[in-house]
Amino acid sequence: MSEKFYITTPIYYVNDAPHIGHAYTTIAADVLARYFRAEGFDVHFLTGTDEHGIKIVKAAADKGVSPQELADEVVVHFQDLWAKLNISNDDFIRTSQARHEGRVQEIIRRLIERDEIYLGKYEGWYDEGQEEFVTESTARDNEYKSVISDKPLVRYSEPSWFFRLSKWIPKLIAHIETDSTFVQPTSRRNEVLSKLAQGVEDLSISRQSEKLGGWGVPMPNDPDHSVYVWIDALSNYITALGMPGIGDEFDAKGDKYWPADVHLIGKDILWFHAVYWPCLLMALDIPLPKTIFAHGWWTCEGKKMSKSLGNFISCEVLSELCGEYSRDAFRYFVLREVTFGADGDFSREAFGRRYNTELANDLGNLLSRTVNMIGRYFDGAVPKPQQRTLEGVEAEFLSEPIKHLQDESAKMMSRCRFSGYIGAALELASATNRYIDATEPFKLAKDPSQRERLGTILYACAEAVRIVLSYLEPFMPEKSAEGLAHLGVSGVSDGTLSERGRFGLIEPGTKTAKSVPLFPRKLLDQ
Ligand code: MSP
């Protein structure tokens with residue numbers, strides 16, 4: 001039976017349409033899903049929308065519609081964008097779905113049974129944009145405004161059910177300390193640990209339903225209260241699977257895929273995922289996810305994204321960029337430009353430059369050079385090499401980058417080192433370009449006595465490009481397939497990615513197609 005891989009994105013709020021930040025996490029998750037599928041794993045990839053909470057209630061009121069109407073309208077923008085970006089999710093959960101709501105109630109019932117919650121009173125600050133309780137000292141330090149949106153915090157004073165969060169903190173700290181892969185990257189792990197060391201109070205997990213206009217999941221023991229939106233939202237990672245290890249409804253999917261292998265999230269929601277979520281799971285006696293990876297934030301054209309500044313990468317701008325450069329190039333760029341985990345800046349200029357240098361020149365040119373030479377010198381049939389292994393000059397140029405890809409790609413993917421992984425594939429493309437410059441097949445072509453040698457060189461080039469395109473497939477599924485079709489080797493797609501990444505698989509005699517630029521060069525403004 002194949003090994004499983006369960007990957008999730010955050011579920012996105014439906015108060016507004018998606019933008020580059022949402023696209024970023026979802027593309028990253030898609031790349032992991034495609035990579036692990038290509039390596040033969042049984043992958044389950046979940047995304048969805050977070051539809052409850054005061055933020056949605058207020059956004060709906062502003063638009064004069066009900067929260068459900070707003071959710072129904074906005075969810076389509078997310079689903080359309082994921083289709084446009086070629087996202088291969090296996091499921092899409094909406095927190096207003098009955099399958100989710102019933103299971104959230106089941107979770108609360110289980111917490112009650114285990115004496116993990118009690119009735120108290122919440123008196124303090126709340127950030128309605130982040131749906132987050134804020135401590136007095138943090139509120140004071142930021143002049144009673146949201147750290148994220150700068151909007152004024154709201155004072156809450158109401159009865160509330162509390163989860164005995166503090167009781168689980170020592171166990172959580174021990175887990176984060178012993179399992180260095182649990183919270184990634186390391187800098188974020190250290191941040192969580194140092195914040196935990198300052199002490200954590202129990203968590204308010206309900207709100208008075210009337211304050212939410214009845215929108216939300218009712219507490220099963222107290223219908224005047226709705227479940228706090230973050231408890232509701234975090235639960236999606238198990239409710240979508242059908243409650244592994246909990247309740248009567250024991251779904252085979254849950255049994256098979258839980259625990260999650262990676263929860264991909266942005267840095268602003270790390271605390272919820274690294275503290276509330278594992279403590280809830282511990283209280284429910286459900287195994288913890290293996291990794292929570294928090295990525296950084298994008299600024300755009302050097303500034304924080306904002307609609308009023310005109311630098312907002314909305315879903316319309318995303319569509320336009322994909323139209324201009326191809327969706328694969330966009331997927332590639334966002335994961336190549338910035339080390340996953342760090343903050344980065346999106347600029348059209350940087351996109352255009354990287355597109356021209358890496359995709360049009362290094363990769364696209366290599367493919368056309370190879371296909372054109374095979375066309376011209378061997379009538380469009382991959383020549384027979386002197387040997388189908390790497391020897392001599394071929395080995396000198398190509399062995400090391402191929403070995404590096406084979407040895408390191410799995411490690412890099414499992415640590416979300418997307419840019420490094422792409423870099424390793426590009427290094428093979430560059431090495432092949434250098435190999436062509438050094439061996440000068442276009443000169444050898446003029447000398448009939450060098451025909452065998454010429455065949456060996458072009459065979460090696462075809463194999464190297466095939467390997468590069470294969471490894472880049474999770475990032476650029478369509479361009480990779482197109483490029484492989486130019487080489488005439490779409491058929492060499494049996495087996496796992498690592499198997500396909502071996503040198504020497506193309507059958508001599510394979511007919512190549514006519515080469516058209518895979519990434520047409522763009523004229524960029526100076
Ligand atoms: N609904 C919660 C998540 C619940 S998960 C159980 C939420 N939704 S969100 O729609 O506000 O944000 C979703 C994600 O978008 C977060 O991971 C956040 O980090 C990410 N981003 C929002 N703006 C971003 C950038 N400018 N850059 C990168 N990611 C950003 O939070």
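Coordinate-derived values only; no laboratory data. Predicted model, so just to flag it, every value in this text is computed and none were measured. Cβ placement follows ideal geometry from the backbone for every residue including glycine, while neighbour counts extend to all protein chains displayed.
Which whole-number percent of Cα pairs in segment 349-500 have a distance greater than 23 Å?
Numbers: 3968 of 11476 pairs.
Percentage above 23 Å: 35.
Please say if segment 346-394 is rounded, prolate or oblate, where rounded means a/c under 1.5 for a ≥ b ≥ c the square roots of the C-alpha gyration tensor eigenvalues, and otherwise the choice is prolate for a/b larger than b/c and oblate otherwise? Judged from the Cα gyration tensor, segment 346-394 comes out oblate (a/c at least 1.5, b/c at or above a/b). Per-residue Karplus couplings for segment 150-160, computed as 6.51 cos²θ - 1.76 cosθ + 1.60 with θ equal to phi - 60°, are listed in order as 6, 6, x, 6, 10, 7, 10, 8, 7, x, 7 Hz, Gly and Pro entered as x. Proximity of backbone amide H atoms, modeled 1.01 Å from N, is registered between Leu153 and Lys145, Ser146 at under 5 Å, excluding neighbours fewer than 5 places apart on the same chain.
Got the relative contact order for segment 349-500 handy, in percent, Cα pairs under 8 Å and 6 or more residues apart?
29 percent
Placing unit charges on the Cβ atoms only, positive for Lys and Arg and negative for Asp and Glu, gives the chain a dipole magnitude near 1460 debye about its Cα centre.
What's the exposure ranking of Tyr377, Tyr459, going from fewest to most Cβ atoms within 10 Å?
Details: Tyr377 17, Tyr459 25.
Least to most surrounded, the residues fall as Tyr377, Tyr459.
Set the Cα radius of gyration of the chain against 2.2 N^0.38 Å, with N its number of residues, and you get 1.10.
Counting only DSSP H runs of at least 4 residues, each contributing -39500 (n - 2.57), and dividing by the residue count of the chain, the helix-based mean residue ellipticity at 222 nm comes to -14500 deg cm²/dmol. About its Cα centre, segment 349-500 has a charge dipole of approximately 140 debye under the convention of +1 per Lys or Arg Cβ and -1 per Asp or Glu Cβ, with nothing else charged. Taking every DSSP beta bridge with both residues inside the chain, roughly what % is antiparallel (nearest 5)? Taking every DSSP beta bridge with both residues in the chain, the antiparallel ones total about 50 percent. Between the C-alpha center of segment 372-424 and that of segment 452-499 there is a gap of 9 Å. Kindly point out which whole DSSP H helices in the chain project their C-alpha atoms 30 angstrom or further along the helix axis while averaging a Kyte-Doolittle hydropathy of -1.0 or above. Answer set is 392-414, 418-439, 451-472. Only aspartates and glutamates eight or more places from Lys522 in sequence, or on another chain, were considered; those with a Cα closer than 17 Å are Glu320, Glu324, Asp328, Glu349, Glu358, Asp362. In units of the rule-of-thumb radius 2.2 N^0.38 Å, segment 474-513 shows an alpha carbon radius of gyration of 1.15.
For Phe312, the residues 5 or more places off, or on other chains, whose built amide H falls under 5 Å of its own are Ser306.
Each peptide in 231-242, 132-143 receives the mean, over its residues, of other Cβ atoms within 10 Å, and ordering these scores from highest gives 231-242, 132-143.
Diagonalise the Cα gyration tensor of segment 96-217 and give the resulting equivalent ellipsoid semi-axes, square root of 5 times each eigenvalue, largest first, whole Å.
Square roots of five times the eigenvalues give 25, 22, 15 Å.
Residues whose amide H lies under 5 Å from that of Leu203, counting only those 5 or more places away or on a different chain, are Phe163, Leu165, Ser166; hydrogens are built 1.01 Å from N in the peptide plane.
State the Cα centre-to-centre distance between segment 75-144 and segment 300-336 in whole Å. If you average the Cα positions of each part, the centres end up 27 Å apart. Take 62-69, 517-524, 293-300 and order them by the average number of nearby Cβ atoms within 10 Å per residue, most first; the result is 293-300, 517-524, 62-69. In segment 183-310, the DSSP beta bridges split such that about 45 percent are antiparallel, to the nearest 5.
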